[in-house]
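All of the numbers you see were taken from the coordinates with simple rules; none came from a lab. Computed from a predicted model, the values in this text were never measured in an experiment. All Cβ positions, glycine included, derive from the backbone under ideal geometry; neighbour counts span all protein chains shown.
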Amino acid sequence: MFNHNVMRLLFSLLLSFLIIAPGHSFADNRNVVTGTFAVDGTCGQCKQRIEDAAYIKGVKSAEWDKKTHILTVKYDSTKTDEGKIQLAVAHAGHDAGNIKATTGDYDKLPNCCRYKSGIKEH
């Protein structure tokens, strides 16, 4: 069906891809760092909003722990940094690390998510 030269070319291309692809993957992962910082919130709705807000360009994963109030993010350090992630979360209404949410952003939160009110989730 295929002649010998076409088969050799396809084999060479496949072999090249298998050799280059893992190296490319490694290059992407060497810039991925993990950061953690405190984020204020109260409930599952907060968790979703905080994690969604943290997913800016370059963020690979974001996980907020409701009990500890710690957000753990994995991100490509060539595309973003913790300050940018904290700013995005603060813009969603949640104090993040050293960046406080503005009154306007905080006031947009649903009542159950207003962590400054002292009211805890039921």
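Values as computed for the structure displayed
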{"quantity": "Residues of segment 28-78 satisfying the condition of being aliphatic (A, V, I, L, M) and in contact with a Leu (Cβ under 8 Å, 6 or more places away or on another chain)", "calculated": "ALA38, VAL39, ILE50, ALA54, ALA62"}
{"quantity": "Subset of segment 80-97 that is touching a residue at least 24 places away in the same chain (Cβ under 8 Å), in a loop (DSSP other than H, G, I, E, B) and not hydrophobic (A, V, I, L, M, F, W, C) - its residue that is farthest from PRO110 (Cα to Cα)", "calculated": "THR80"}
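Quick grid of which residues meet (1) in a helix (DSSP H, G or I); (2) surrounded by 18 or more Cβ atoms within 10 Å (Cβ to Cβ):
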{"residue": "ALA38", "(1), (2)": "no, no"}
{"residue": "GLY41", "(1), (2)": "no, yes"}
{"residue": "ASP52", "(1), (2)": "yes, no"}
{"residue": "LYS57", "(1), (2)": "no, no"}
{"residue": "TRP64", "(1), (2)": "no, yes"}
